[in-house]
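What follows is one structure encoded as C-alpha cells, with my remarks underneath.
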Amino acid sequence: MKNISKIDKGSYRNKGGVIQRLITWYKIYIHKIKAGKNCVIKKNVDFTLADNAYLEFGDNVIIQDYAWFPLTMPNPKVIIGNDVVIGRYNIIGGKNLIQIGDHCRFGSFVQVLDTSHGFKKDILIKDQKAIIGKTIIGKDVWVGVGAKILMGVTVGDGAVIGANAVVTKDVPQNAIVGGVPAKIIKYRS
C-alpha cells in the first residue's frame, strides 16, 4: 500500500518550504507586487513590468513555473483574486486591465491578453497600433490547457473554457465552451 501522506512535489498544492517562501517574498518585493497572504510564486516566473504597472494578487495565489507577466505601456493593471492557480507557461499580458476572480484554475500554456494588433491594409504590420481593451474573468472559472482568452472578453462566473479554445466573445455564467473560436457546448448543471 502506498503512503499517501507523502508530499507530492509536482502538485500545485505543494507550497514548498523556506526557500520557496524566500523566493516568493523576493519576487513580491523586487517587482512591487501587492500580494495577500500565503502566495506562492515559483522561482522561474518572469515579470516584465513597465514602470507604472500595477500587479495585485489576493490570498492563496499560486503562480507556477515559467508563467510570464508582460505588463507594458500605457497603463497595465492585473488584479488576481483569492485562491487562484496560474499554471505553468501561462502568459498574462496586459496594457490596460486584466481581472481574474476568486477560485479560478488555469491549466498550463494558457494566455490571457487585453490587447490585439492592428492589421489595416494600407499600413505595414510593423507600424500598426495596438488595440487595447479589457479582459475580465469571473469567479470559479476553470481554463483548460492551451486556451487563449483574448482582448475585450468577459468570462462569467463558473464558466469552463475547454483545452485549446480561443475565446473571442463573452462567455455566460456556468457555460462550458470549446473550439476555435470558442462556442457554447453546454452549461454546468
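For region 43-87, the set of residues classified as in contact with a Pro (Cβ under 8 Å, 6 or more places away or on another chain) and either surrounded by fewer than 17 Cβ atoms within 10 Å (Cβ to Cβ) or part of a loop (DSSP other than H, G, I, E, B) (or both) consists of 48, 50, 52, 53, listed by residue number.
For the condition more than 25 Å from residue 61 (Cβ to Cβ), at pLDDT 95 or above and among the aliphatic types (A, V, I, L, M), residue 185 qualifies. Taking region 158-179 as the range and being surrounded by 17 or more Cβ atoms within 10 Å (Cβ to Cβ), on the phi < 0 side of the Ramachandran plot and assigned to a loop (DSSP other than H, G, I, E, B) as the test, the residues that pass are 159, 162, 165.
Checking each residue in region 128-153 for being part of a strand (DSSP E or B) and either out of contact with any strand residue (DSSP E or B) (no Cβ under 9 Å at 6 or more places or on another chain) or surrounded by 17 or more Cβ atoms within 10 Å (Cβ to Cβ) (or both) picks out 132, 135, 136, 137, 142, 143, 148, 149.
The values are calculated or read from the model by the stated rules, or taken from the named source; none is laboratory data. Keep in mind that this is a model prediction, so the values were computed, not measured. Quick reminder, even Gly has a Cβ in these numbers, built from the backbone with ideal geometry, and neighbours come from all protein chains shown.
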